[in-house]
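Take a look at the structure set out below.
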Amino acid sequence: MTSILFIVFLPLAAAILAGFSNKSFGSAFPKAVTTGALFIACLLSWPVFIHYLGGGEKTVTPVLNFIQSGTMHVSWSLRVDALTAVMLVVVTSVSALVHLYSWGYMSDDPDQPRFFAYLSLFTFAMLMLVTADNLVQMFFGWEGVGLASYLLIGFWFRKPTANAAAIKAFVVNRVGDLGFMLGIFGTFLVFKTVSIDEILTAAPHMAGSTIGFFGGRFDTMTVLCLLLFVGACGKSAQLGLHTWLPDAMEGPTPVSALIHAATMVTAGVFMVCRLSPMFEASPVAMHVVMTIGAATCLFAATCGLVQTDIKRVIAYSTCSQLGYMFFAAGCGAYGAAMFHLFTHAFFKALLFLGAGSVIHAMHHEQDMRYYGGLRKSIPITFWGMMAGTLAITGVGIPGIFGLPQIGFAGFHSKDAIIEVAFAAGQTGTWFVGVFVALLTSFYSWRLMFLTFWGKPRWAQSEHIQHAIHDAHGHGHDDHAHGHDDHGTQAAHAHHGENAEEGQGATPDAHAAGAHDLPAGTGGYHPHESPLPILIPLIVLSIGAVLAGYVFHGFFIEPASGESYWRGSIAFNEHLMHAMHGVPVWVKLSASVAMLLGLFSAWYAYLAKPELPAQMAKQFSVLYDFLLHKWYFDELYDLIFVKPAFAIGRFFWHRGDEKTINRFGPDGSAWLVSLGSRVAGRLQTGYLYTYAFVMLIGLTAAMTWAITR
C-alpha cells in the first residue's frame, strides 16, 4: 500500500519546505504547500478507511532498518489496519480543515510560515505514532507530538502566559512520558521484543506471572500496563496529569482544535486500544483505567460549569470526553472508545473552530459574559456551533419500542459507552456517565445561550471598545483580526477572566456575572467570518450530524464490529451483545439527563438570568472550589513547584555561588590576583635592588656548593 508513504511523509515534506522557505516567498507559498499536502493526504486516507470498512487485511510497509543491537531489532515500518485507518481519517481530515481555517484566522499574523510549518510537523508526528509497528517507533511519534504541541502552544512566544503554558504542557507530559518509557523498557525486558504483533501475541500467556519492581514482586501485566497508562494520562490529560490542557488555550484557536480533536490528546486512547490485548490480561489495570477515566470525566465536567472563557469551556469538555473514552476502554469496550474518539474529532473540532469564529467576530473577546444575541449577526457560525452542541450533548431518538435509532454523532457514541458500562456490571461508572451527560448538556447549552441568545452585552468589553475606537478614524478595521488574545492579556484581567489561573492570577468569583452587565452594543457590528473559516465549519457540521449514524455499525455492532476490527483491537462481541440488551430505562437515561441539562441551562440563563449569580453567592465555597479547578494547580504549586524553586535557589546560592564558584573559578582567580600582587611588590624597577638580589642568590649558591 504505497499510498501510506504519501499520507505520512507529505506533511513532513511540507513542513520542511514551509519552515525553511525564504522570506522572499512571502506567506502564500508555505500556506499553499502545507495545506495542499494535507488535503492530498486526506484524500488518500479516506479510500484506505473505506477499504477496511469492507474487510481489508493488515499491511506493513517497510521503510528502513532503524536499530540493530544485540537481540533488539527495530525496523521503521508503517502498519495499517482497521485501527490505523480510523486514526488516518481523523488526523488528516481535521488537520487539513484546520490548515484551511488558518488561512483566514491567522491572516494578519507576521509569522504564518512558521505557524503552518509547525501544524504540518504536528500532523506528521501524529501520523508516525498511529502507523507505528513497534513501541520505539510509537515513542518517536509520541515525543514528536509533545515537541510540536510545545512549539504551537508557545507560538506567540513574546506573550509570557503563552510561554508559561507551553512549558507547563511540556513538563507535565515529561512526567507521563517517564512512565511510558519505563513501560516500554519493561515490555522489552519481559517479551524480548518491541514488535507490537509479537508482544500482543504473547501477552495472554503472561497472565499470572510476576516481575520484580521497587523491591517487591507484582503481576507482570499489571505493572507494564499501569506504566504505559501513566504515559496515556499525560498525553490525554487524565486526572492528575490534566493541568496542562486548559492552559494550552494560550495558543491560537486552530492549534486548540488540532490538539483537542485529532492529535495529541487522542494519542493516549489510541495507545491503550492498540495494546488492548495487554490490558485484557490484567483486570487490575483495566479497573484502574476505568476508574481514572470516570473520575476525569466527572472532574472536568464540573470545572466546565463555571468557566467564562469560551475556549476553556470547550477545553474542559475535551478532558471530560476523553474520560468517557478511557472508562469505555476500562470496561473492555475498545470499539466504543474508538467510536467516540472518531465522532468526537468532528464535533470538537467544530466547536473549537466555531468558538474561533465567534472570537474573530468579537474582536478577540473570549469572555462569554460579553457576548449575547450573536445568532443573527453570525448565522453560519451559530448553526455550526448548534450542530456541534447537539452532537456533544447526545441529541437523538433511542432505538426502543421499534423506533429506529437516529441522532447526532455524540448520541450514538457517548450513549453506547454509558450503556456498555451498565452491561459490564459497572453500575457506579454507569451512574457517573449519566450524571456527566447532564453536566455536559448544561455547560454546552450555557455556552450557546450566553453567546447567541439574550441581549447583546458587548459595550463593556474592552476589546469591543478598542474596536469602536479604531473604527472612529484610528487606522484599523472595526472587525476582528484573528489573533485570539494575542497581546491582550490586560483586557482579560480587566474582565476577571480566568485564562491565567494556573499562572498565579486569582479568578474573579463572578464579580460581574452576565446578568449584572448592562445590555448594549456600543455601536459595534460583528461580521461573519470569511470563507476559509466558514468552509471547515460547514464540512465538520456534516460530520457532527452524520458520523455516528453512518458508522456506528462498523465500530460497535457485534457481528459487523468483529468483521471490521479483525483483531486490531480486543473486541468483546459478547459485551456488545449485552450492551444492546440493556433495559429500556438504561437506554433512556442519557437522553433524560441531556434534557434535564438543557432545561436547567435554559431556566438559569434565559428564563431567570439572575439565578447563576445568586447561586454562586449562596454556594460560594463550592463555586470557588470549581472555579479554582478543585485546587489542583494550587496543590501542585505547593507540593512540587515551590519546593523545586526553593531547592534550586539553595543549590544556586549555597552550592554554586558560595561553594563551587568560591573554591573553583572565583577562588583560583583570587589566588592568581594575590600572587600577582606579591610578585608586584618584588619588582621595584631599581637596578641596585636587582643587583642586590643577584648577589644574595650567588652567595647562597656558593654556600650550598662549598658545604655539600
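The values are calculated or read from the model by the stated rules, or taken from the named source; none is laboratory data. Bear in mind the structure is a predicted one, so any value in this text is a computation, not a measurement. Using ideal geometry, Cβ is built from the backbone for each residue, glycine included, and neighbour counts are taken over all protein chains shown. Ligands, DNA and RNA are stripped out before the accessible areas are found, and what is left, the full protein with its side chains, is counted by its heavy atoms. Shrake-Rupley method; radii C 1.70, N 1.55, O 1.52, S 1.80 Å.
Taking Ala691, is it at pLDDT 90 or above, of a type in the set (Gly, Ala, Ser) and assigned to a helix (DSSP H, G or I)? No; evaluated as a whole, the condition is false for this residue. Would a scan of segment 244-262 turn up a residue that is hydrophobic (A, V, I, L, M, F, W, C), in contact with a Gly (Cβ under 8 Å, 6 or more places away or on another chain) and open to solvent by 20 Å² or more (accessible area, probe 1.4 Å)? Checked against the condition, which is being hydrophobic (A, V, I, L, M, F, W, C), in contact with a Gly (Cβ under 8 Å, 6 or more places away or on another chain) and open to solvent by 20 Å² or more (accessible area, probe 1.4 Å), segment 244-262 yields no hits at all. Out of segment 47-72, which residues are in contact (Cβ under 8 Å) with a residue 40 or more places away in the chain and open to solvent by 70 Å² or more (accessible area, probe 1.4 Å)? Scanning segment 47-72 gives Pro47, Glu57, Lys58, Phe66, Thr71.
Rundown of residues vs (1) of a type in the set (S, T, N, Q); (2) at pLDDT 85 or above; (3) open to solvent by less than 70 Å² (accessible area, probe 1.4 Å); (4) more than 30 Å from Gln307 (Cα to Cα), yes/no style:
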{"site": "Ala607", "(1), (2), (3), (4)": "no, yes, yes, no"}
{"site": "Met615", "(1), (2), (3), (4)": "no, yes, no, no"}
{"site": "Gln618", "(1), (2), (3), (4)": "yes, yes, no, no"}
{"site": "Leu622", "(1), (2), (3), (4)": "no, yes, no, no"}
{"site": "Ile647", "(1), (2), (3), (4)": "no, yes, no, yes"}
{"site": "Phe650", "(1), (2), (3), (4)": "no, yes, no, yes"}
{"site": "Pro665", "(1), (2), (3), (4)": "no, no, no, yes"}
{"site": "Thr684", "(1), (2), (3), (4)": "yes, no, yes, yes"}
{"site": "Ala705", "(1), (2), (3), (4)": "no, yes, yes, yes"}
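In a residue-by-residue description of segment 59-72, the property of being assigned to a loop (DSSP other than H, G, I, E, B), β-branched (Val, Ile, Thr), modelled with pLDDT under 90 and in contact with a strand residue (DSSP E or B) (Cβ under 8 Å, 6 or more places away or on another chain) applies to no position.
For residues that are among the aliphatic types (A, V, I, L, M) and touching a residue at least 24 places away in the same chain (Cβ under 8 Å), scanning just segment 546-566, find the one that is surrounded by the most Cβ atoms within 10 Å (Cβ to Cβ). Applying the filter and picking the extreme gives Ile556. Which condition number does Ser676 fail, the rest of (1) within 38 Å of the chain's Cα centre (by Cα); (2) at negative phi being met? Result: Ser676 passes all but (1). For segment 327-384, the set of residues classified as open to solvent by less than 10 Å² (accessible area, probe 1.4 Å), closer than 24 Å to Pro254 by Cβ and small (Gly, Ala, Ser) consists of Ala345, Ala349, Gly354, Ala355, Gly356, Ser357, Ala361, Gly384, listed by residue number. Residues of segment 506-528 include at least one that is buried (at least 18 other Cβ atoms within 10 Å of the Cβ) and modelled with pLDDT of 75 or more. Residue-level check: of (1) at pLDDT below 90; (2) assigned to a loop (DSSP other than H, G, I, E, B); (3) open to solvent by less than 50 Å² (accessible area, probe 1.4 Å), Ile569 misses just (1).
Just one of the numbered conditions (1) closer than 22 Å to Ala82 by Cα; (2) outside any helix (DSSP H, G or I); (3) open to solvent by 10 Å² or more (accessible area, probe 1.4 Å) is not true of Val306: (1). Of the listed requirements (1) surrounded by 21 or more Cβ atoms within 10 Å (Cβ to Cβ); (2) assigned to a helix (DSSP H, G or I), Arg79 misses just one: (2). Scanning segment 354-407 for residues that are basic (Lys, Arg), under 19 Å from Tyr443 (Cα atoms) and in a loop (DSSP other than H, G, I, E, B) returns a single hit, Arg375.
Among the conditions (1) touching a helix residue (DSSP H, G or I) at 6+ places or on another chain (Cβ under 8 Å); (2) in a loop (DSSP other than H, G, I, E, B); (3) at pLDDT 90 or above, Gly425 misses just one, which is (1).
Before we move on, is Ala148 surrounded by fewer than 17 Cβ atoms within 10 Å (Cβ to Cβ) and among the hydrophobic types (A, V, I, L, M, F, W, C)? Spell out the reasoning first.
On the way: surrounded by fewer than 17 Cβ atoms within 10 Å (Cβ to Cβ): no; among the hydrophobic types (A, V, I, L, M, F, W, C): yes.
Answer is no for this residue.
Do the conditions hold for Ala248, that is, is it modelled with pLDDT under 90 and within 26 Å of the chain's Cα centre (by Cα)? Quick ask: steps written out before the conclusion?
Working: modelled with pLDDT under 90: yes; within 26 Å of the chain's Cα centre (by Cα): yes.
Taking the combined requirement at face value, the residue satisfies it.
Could you tell me which of the residues Ala28, Ala13 is free of Cβ contacts under 8 Å to residues at least 40 places away in the same chain, surrounded by fewer than 22 Cβ atoms within 10 Å (Cβ to Cβ) and under 26 Å from the mean Cα position of the chain (by Cα)? After ruling out the rest, the residue left standing is Ala13.
When segment 402-448 is examined, which residues are found to be among the aromatic types (Phe, Trp, Tyr), open to solvent by 20 Å² or more (accessible area, probe 1.4 Å) and in contact (Cβ under 8 Å) with a residue 24 or more places away in the chain?
Restricting attention to segment 402-448, the residues satisfying the condition of being among the aromatic types (Phe, Trp, Tyr) are 408, 411, 422, 430-431, 435, 442-443, 445.
Add one more test, that the residue is open to solvent by 20 Å² or more (accessible area, probe 1.4 Å), and what stays is 408, 422, 430-431, 435, 442.
Within segment 402-448, Phe408, Phe422, Trp430, Phe435, Phe442 meet the criteria.
Does at least one position in segment 580-596 carry a residue that is part of a helix (DSSP H, G or I), small (Gly, Ala, Ser), out of contact with any His (no Cβ under 7 Å at 6 or more places or on another chain) and surrounded by fewer than 19 Cβ atoms within 10 Å (Cβ to Cβ)? The answer is no; no qualifying residue exists.
Could we say that Gly332 is in a loop (DSSP other than H, G, I, E, B), more than 27 Å from Gly384 (Cα to Cα) and of a type in the set (Gly, Ala, Ser) here? In short, yes. For the condition over 30 Å from Ile359 (Cβ atoms) and either open to solvent by 20 Å² or more (accessible area, probe 1.4 Å) or out of contact with any Asp or Glu (no Cβ under 8 Å at 6 or more places or on another chain) (or both), what is the one hit in Gly268, Gly231, Gly212? Result: Gly212 is the single residue among Gly268, Gly231, Gly212 that is over 30 Å from Ile359 (Cβ atoms) and either open to solvent by 20 Å² or more (accessible area, probe 1.4 Å) or out of contact with any Asp or Glu (no Cβ under 8 Å at 6 or more places or on another chain) (or both).
With respect to the conditions (1) modelled with pLDDT of 90 or more; (2) open to solvent by less than 10 Å² (accessible area, probe 1.4 Å); (3) under 30 Å from Phe155 (Cα atoms); (4) not aromatic (Phe, Trp, Tyr), Leu241 falls short on a single one, namely (2). Any residue at all in segment 165-181 that is at positive phi and either touching a residue at least 40 places away in the same chain (Cβ under 8 Å) or buried (at least 20 other Cβ atoms within 10 Å of the Cβ) (or both)? No, segment 165-181 contains no residue that is at positive phi and either touching a residue at least 40 places away in the same chain (Cβ under 8 Å) or buried (at least 20 other Cβ atoms within 10 Å of the Cβ) (or both).
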